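K.L.:
Take this structure first; my questions come after.
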Amino acid sequence: MKRRTLLAAIGLLAFLSANGNIQPADTRKLVLVTAETSNVPTLSPEQVRRIYLGAAVNVDSHTVVPLRNNSDPLLREVFLQKVVYLSEPMYERTLMIRLLEGKGARPPAYDNPNELIAALRATPNAVTYLWADTAAATQGIRVVAELWVEGK
Amino acid sequence: MPRFLHSLTARLVLGVLMLGLLLGVALFGSVLYLITEDYKAQFINHVRAQSHLLVALVGQDVRSEKLDSMISDILLTGQVVDADYALETAQGGRRTFFGRPRSGEIREDFFFGEHGDNIYYIAVPIVSADGARHGALSLGFDETYVNERLAQVYRRGAYLAAAYTAVLVLIAGMLGVYIGRPLKHLRQVSRDIVKGRLKRNLSVSSNITEIADLAGDLERMRIELFRRSEEIAATAERHRAILEHAAEAILTLNEEGHIESFNVAAERIFATPKTRSSARPSAASSWRRRSAAASNRTENRVPVPGCRSRRCAATAKACRCCCPSAPFGTATTRCTLRWCRTSANA
C-alpha cells in the first residue's frame, strides 16, 4: 500500500514537472497586466520602462496608460529595481521633473489593489504590474509582459 | 542640595534640560532618520542606475572578454566587491565569477541592508540592442561605505545633541541667575520690612515686568506701612498724654492681675509712686483692695471675701463677679473678688 502511494506521488510530480506548472512556493514573478478588453500588445522591458518614466509610448496607435501599484512595498521595490532602475525618491523626482517640464504625465498610484484593478478595467489601454499569482487569481485581466522572475 | 533643587535657577535648568532632551530626541531623531533614509535611497539609486548603464553598454557588444574587462575595472574602484555573469553564447553557456569566493547562490536585495551581508546584490539581464537576452549579470555593491557614513552621521549628531543640551543648560542657568538676582533682593527687602526697617527705600531694577511690578507693589506697601506706623505712633502718644493728664485715676492690669500702667492721678489718689506699683502682684492686690473700698464707698458695693456663700449678705442675691478695673458685673475668668450692690435698685 505504501509503495503504491509513493509511486503515485512520484508519478504526479513527474507529470507536473513535465508540464512546467510547478514552481517552488517562494518563487516570485512580476508581470505587467492589462484589462482583457484592452488593445495593448506585448511590451518589451525597455518600452515598459519608458512608459513608467512618463514618456508617451504609442503601441499600435494606442497610447498606453501606466498605473502604479503601491499596495505592496516589496512589489514596488522589485518594479523600481527591475523596470525603471531607480530608487523611489529619484523615480518620484524624475516624474515630477517631467511633469513640470510638460514632457509627460505622472502615472497615478494606487495603494488599494481593488481600486487599482477597477481603474485598470475602467481606463482604456491601461497597464499595471502585479505578482503573477495575483494576476492569475484576478478575473478580467491578461498578462502582457513578464518583468521579473526570481532566480533568473 | 534639595534646597538648591527647589530654587528658581535649578528649576529652570531642569525644565529646560527636560524640554531640550524631549525636543532634541524628537528633532535629532527625525533629522537622523531622514538623513539615513536619504543615504540609503541614494545608494540604491546609484546601484540600480549603474547596473542598468553597465548592461546597456554590454548589450552593444556582448562578448565575454569585454565583460571581463569591464567587471575587473569596476572591481578596482571597490564599490563593487562581488560579481558574476552567465553568458549564453553560440559556443554554449559560461559562468564567470569575480571578487570574493562565495558558497552558494546570491540572494538579490531590494532593500538596503537586506540579508545582513553588507552587500547589495542586484541581477540584471544582458540584453543586446535587438532585444535578445544573452544572460544575466550579478553585481554585489559594498554597503559598508554607507554604513560607515551613517555611523559618522550618528556620531556627529550625538556630539551636536550634547553641545545643544550644554548650551541650553548654560542659557537656562544664566537666565535663572538673571531672574533670581532681583528676586533675592526683593526677598531681602521684604525681610527688612518684616523687621520694621521701613525707612530704607526699595530699589530693585529689573527689565522683567512681573518682577518690576512686584517691586513696585512692595515699595507702595512699604510706604503705606511706614505712614500707618507713624500714625499709630502719633495716636499712641496722644492717648498716653490723655491718660497721663486725666483727672481720674486710670490704671490697667493684665490677665494675672498685675498692674501694667497707671496715670499721675492714680499716683496721687492712691499715694503710691508709679515705680513701686508697676507690674507687681502685691501692689495689684493692694490697689484692688483700695480700689474696691473706693468703689464700695461710691457705688454701695459690698465685697464678699472669697465669695464662699456666693450670696450677698444684705440682699441675698447672687454675687456678681467684678474686676476692679472693669465695670460692675463684668465677669472675667480670673475674677477673685465678688460684689453685691446694697442700693435699692441693685
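K.L.:
List every residue pair whose Cβ atoms lie under 8 Å apart, where the two residues are 6 or more positions apart in sequence or sit on different chains, the first residue falls within segment A:71-99 and is more than 8 Å from chain B (Cβ to nearest Cβ) and of a type in the set (D, E, K, R), and the second residue, located anywhere, is in a loop (DSSP other than H, G, I, E, B) and open to solvent by less than 60 Å² (accessible area, probe 1.4 Å).
P.N.:
A:ARG76/A:ASN70; A:ARG98/A:LEU53; A:ARG98/A:GLY54; A:ARG98/A:ALA55; A:ARG98/A:GLY104
K.L.:
Somewhere in segment A:104-122, is a residue free of Cβ contacts under 8 Å to residues at least 24 places away in the same chain and within 14 Å of chain B (Cβ to nearest Cβ)?
P.N.:
no
K.L.:
While we're on this one: If you check A:VAL40 against the conditions, is it in a loop (DSSP other than H, G, I, E, B) and either modelled with pLDDT of 85 or more or within 15 Å of the chain's Cα centre (by Cα) (or both)?
P.N.:
When the stated conditions are applied, A:VAL40 passes them.
Listed here are the residues, each with its yes/no results for (1) of a type in the set (Lys, Arg); (2) in contact with a strand residue (DSSP E or B) (Cβ under 6 Å, 6 or more places away or on another chain); (3) more than 30 Å from A:GLU46 (Cα to Cα).
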residue	(1), (2), (3)
B:LEU14	no, no, yes
B:LEU53	no, no, no
B:ASP82	no, yes, no
B:GLU88	no, yes, no
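K.L.:
List pairs: first in segment A:132-152 and within 14 Å of another protein chain (Cβ to nearest Cβ) and part of a strand (DSSP E or B), second open to solvent by less than 80 Å² (accessible area, probe 1.4 Å) and not hydrophobic (A, V, I, L, M, F, W, C), Cβ under 6 Å, 6+ apart or cross-chain?
P.N.:
Within 6 Å, the pairs are A:LEU147/A:LYS82; A:TRP148/A:LYS82; A:VAL149/A:LYS29.
K.L.:
Suppose the filter is free of Cβ contacts under 8 Å to residues at least 12 places away in the same chain, farther than 20 Å from A:MET90 by Cα and open to solvent by 60 Å² or more (accessible area, probe 1.4 Å); does B:LEU76 pass it?
P.N.:
It is true that B:LEU76 is free of Cβ contacts under 8 Å to residues at least 12 places away in the same chain, farther than 20 Å from A:MET90 by Cα and open to solvent by 60 Å² or more (accessible area, probe 1.4 Å).
K.L.:
Looking at A:GLY102 and the list (1) in a loop (DSSP other than H, G, I, E, B); (2) surrounded by 14 or more Cβ atoms within 10 Å (Cβ to Cβ), which single condition is not satisfied?
P.N.:
The one condition A:GLY102 does not meet is (2).
K.L.:
Do the conditions hold for A:ARG68, that is, is it within 14 Å of chain B (Cβ to nearest Cβ), farther than 21 Å from A:THR27 by Cβ and either open to solvent by 30 Å² or more (accessible area, probe 1.4 Å) or touching a strand residue (DSSP E or B) at 6+ places or on another chain (Cβ under 9 Å) (or both)?
P.N.:
So A:ARG68 does not fit the description; no.
K.L.:
Suppose the filter is away from chain A (no Cβ under 14 Å) and assigned to a helix (DSSP H, G or I); does B:LEU54 pass it?
P.N.:
no
K.L.:
OK, next. Out of all the residues in segment B:198-239, which are surrounded by 11 or more Cβ atoms within 10 Å (Cβ to Cβ) and of a type in the set (A, V, I, L, M)?
P.N.:
Scanning segment B:198-239 gives B:LEU198, B:LEU202, B:VAL204, B:ILE208, B:ILE211, B:ALA212, B:LEU214, B:ALA215, B:LEU218, B:MET221, B:ILE223, B:LEU225.
K.L.:
Oh, and also: Within the set of pairs 6 or more residues apart or between chains, which connect a residue that is at negative phi inside segment A:31-45 to a residue that is outside any loop (DSSP other than H, G, I, E, B) and at pLDDT below 90 with Cβ atoms less than 7 Å apart?
P.N.:
From residues that are at negative phi, the pairs are A:ASN39/A:HIS62; A:VAL40/A:VAL59; A:VAL40/A:HIS62; A:PRO41/A:VAL59; A:LEU43/A:VAL59.
K.L.:
Which ones in segment B:120-144 are at pLDDT 90 or above and of a type in the set (Ser, Thr, Tyr)?
P.N.:
Correct list: B:TYR120, B:TYR121, B:THR144.
The values are calculated or read from the model by the stated rules, or taken from the named source; none is laboratory data. No experiment lies behind these values; they were computed from the predicted model shown. Counting neighbours? That spans all protein chains shown, and the Cβs are built from the backbone with ideal geometry, glycine included. Just so you know, the surface numbers come from the protein's heavy atoms only, side chains and all, with ligands and any DNA or RNA stripped out. Shrake-Rupley method; radii C 1.70, N 1.55, O 1.52, S 1.80 Å.
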